[in-house]
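Single-structure report; data block below.
What follows is calculated from the coordinates using simple rules that are stated; it is not laboratory data. All values reported here derive from a predicted model rather than from experimental measurement. Neighbour counts are summed over all protein chains in view; Cβ atoms, including those assigned to glycine, are modelled from backbone coordinates with ideal geometry.
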Amino acid sequence: MIPASFDYVRPQSLEDALARLGEHGDDARVLAGGHSLLPVMKARLADPGVLVDIAGIESLSGISESEDGITIGAMTTHAEIEASASVQGRCRSLAEAAAAIGDVQVRNRGTLGGSLAHADPAADYPAVILAANAEITVAGADGERVIAADDFFTGTYETALGAGEIITSVRIRASAARGSSAYLKAAQQASGFAVCGVAARVALDADGAVERIRVGVTGVAATAYRATSVEDALTGAAPSAESIRKAAATAGEGVDALDDFYAGADFRRHLAGVYAARAIGKAWIRAAGE
Amino acid sequence: MEINISINGESRTFDVEPRTLLVHLLRDDAGLTGTHVACETSICGACTVLLDDKAVKSCTVLAAQAQGCEVTTIEGMANGEQLHPLQEQFWEKHGLQCGFCTPGMILTANQLIASNADPTDEEIRHGIEGNICRCTGYQNIVDAISAAAAQMRD
Ligand code: FES
Ligand code: FES
């Protein structure tokens, strides 16, 4: 399995990379870690004429921490995110999602930006990105812009990323003082992709009631979504195992679920409820205890 | 295109097509056939090599992406006639039958031990989840990696 022929360029700066994308238009694709794009090219499902490898652009890698959050460069690998004390401390669900991707070798190469741009409906990150209300910074010919998580995933393998744009970083606000998050998934046994993955992020007030909660679901529908019915049901009240279970049960309700060989639509909707309850419960216990 | 890669400590230059996969460069251009290729779809791990000390599936890396990097293959593990502890213990503990998965297993295990000198059996199993063996049932592979880690701690 060898890809069709293409030209390869490896710009050393973001400006140069954007210029190359502008020059080649639709014929060019950005190559990050290559762990989504190369398999697709090897299967000849994509045959771009030019690959713009952004691995040489140093400013796109690394994790930086500020008072109120973390910024993760688009070329940061899953392995780096999984191992990062900053990520574990500020957004535990992101570290858990990174650790749940593929296997050691895949995590060594695959990148946050690459995975987000690919927008596989069964990828792990989208659930966390939605739950964490992350901001995705992208650069294009006209400069930078920030895309809110809620606006980013627009369909199966489709995002709000415009032609010629490159994701440069992802910003996530730190969990609240009494807040935490969790990501859990039911993985497809052979591929490891999410049949259902749920990320929950919870902030509690001084009395232990839920001040804010966001729940992201991946693998269940054609694109990752927020379980807003669950969020609404739990906001404002002190949670209990029972109230979480009851609210979470609606996570898959009315969703046009994927239906395939591995899991039927009804089963996926059911899993959404079960995993939402588990992820919210875990985030809640962490928030109350941390 | 011309690329420079250091393979097992030796700097080498190759003239390849941009679409050449690292595994094919290693096997066909560098003549190092110890790196195996099976699934070609980043599942099995037979093609695992170290790229700047990190285990990667070389069927899913372009040779061009390895420009300027250091690659370690199974041929680079032994020191002359002296087998690497992992090689020795795979032999000692019967960690292989047909041997097809072995080079990949050994390179993945090498990264595991580099970051965790005393892994538990469970950590070993988790660490080699990206390497498939169709023969051994894994138990002897886990034993071999565990014994190699112990030998390397001594
Ligand atoms: S041949 Fe590369 S993972 Fe199977
Ligand atoms: S020893 Fe035969 S595949 Fe592992």
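List every DSSP H helix in chain A whose Cα atoms extend 24 Å or more along the helix's own long axis and whose mean Kyte-Doolittle hydropathy is at least -1.0.
Those that pass (Cα extent of 24 Å or more, hydropathy at least -1.0) are A:265-289.
Calculated on the alpha-carbon coordinates, the convex hull of region A:60-173 measures out at 91 cubic angstrom per residue.
Binning the alpha carbon pair distances of region B:85-153 at 5 angstrom intervals from zero yields the distribution 3, 21, 36, 28, 10, 2, expressed in whole percent. Computed from the Kirkwood radius of its Cα pairs, the Stokes-Einstein diffusion coefficient for region B:2-73 at 4 °C and 1.567 mPa s stands at 111 µm²/s.
Shape analysis of region A:7-51 based on the Cα gyration tensor places the equivalent ellipsoid semi-axes at 20, 12, 7 Å, largest first. Could you identify which residue out of A:T156, A:T168, A:T250 has the top mean-square fluctuation in a GNM of chain A using Cα springs shorter than 10 Å? Checking each option, the largest mean-square fluctuation is seen for A:T156.
Averaged over its residues, how many other protein chain Cβ atoms are within 10 Å of peptide A:2-11's Cβ atoms? Walk me through the numbers before you get to the answer.
Details: counts 7, 6, 1, 3, 4, 3, 10, 3, 5, 0.
Per residue, the number of nearby Cβ atoms from other chains is 4 on average.
Counting beta carbons within 10 Å around each of A:T77, B:T20 and listing the fewest first gives the order B:T20, A:T77. Calculated on the Cα set of chain B, radius of gyration then Dmax: 15.1, 45 Å.
Spatial offset of region A:174-218 relative to region B:8-29 amounts to 43 Å, using the alpha carbon center of each. Sorted largest first, the principal axis extents computed over the alpha-carbon atoms of region A:210-290 equal 40, 20, 19 Å.
Pop the C-beta distance of A:E242 and A:D150 into the FRET formula with R0 = 30 Å and round what comes out to the nearest 0.05. My answer for the efficiency is 0.55. Summing charges over all other residues whose Cβ lies under 11 Å from the Cβ of A:P239, with Lys and Arg as +1 and Asp and Glu as -1, gives +1.
Here the translational diffusion coefficient of the protein assembly as shown follows from Stokes-Einstein with Rh set to the Kirkwood radius across Cα pairs; for 37 °C and 0.692 mPa s it amounts to 144 µm²/s. The separation of region B:124-154 from region A:121-136, counted between C-alpha centres, amounts to 34 Å.
A simple spin-label model places the labels of A:T228 and A:R178 2.8 nm from each other, with each point 7 Å out along Cα-to-Cβ.
Using a simple spin-label model with pseudo-atoms 7 Å out from Cα toward Cβ, A:D16 and B:R12 lie 2.7 nm apart.
Partner shielding of A:100-113 amounts to 6, given as the average count of beta-carbon atoms from other chains within 10 Å of each residue beta-carbon.
Neighbours of B:V16 by Cβ distance under 9 Å: Lys/Arg scored +1, Asp/Glu scored -1, total -3.
The Cα-based radius of gyration and maximum Cα-Cα distance (Dmax) for region B:37-90 are 12.5, 34 Å.
Charged neighbours of A:I213, selected by a Cβ distance under 10 Å, balance to 0 (K, R count +1; D, E count -1).
Can you check what the Kirkwood hydrodynamic radius comes to for region A:18-103, Cα pairs only, in Å to one decimal?
Values: mean 1/r = 0.0681 Å⁻¹.
About 14.7 Å, per the Kirkwood formula over Cα pairs.
Using only Cα atoms, figure out Rg for region A:207-250 and give it as a multiple of 2.2 N^0.38 Å. All intermediate terms of the calculation are to be shown ahead of the outcome.
On the way: Rg = 11.3 Å, N = 44, 2.2 N^0.38 = 9.3 Å.
Dividing the Cα radius of gyration by 2.2 N^0.38 Å gives 1.22.
Taken residue by residue and averaged, Cβ atoms of other chains lying within 10 Å of the Cβ of B:12-19 number 3. Each label was represented as a point 7 Å from its Cα along the Cα-to-Cβ direction; for B:R125 and A:A288 these points are 3.2 nm apart.
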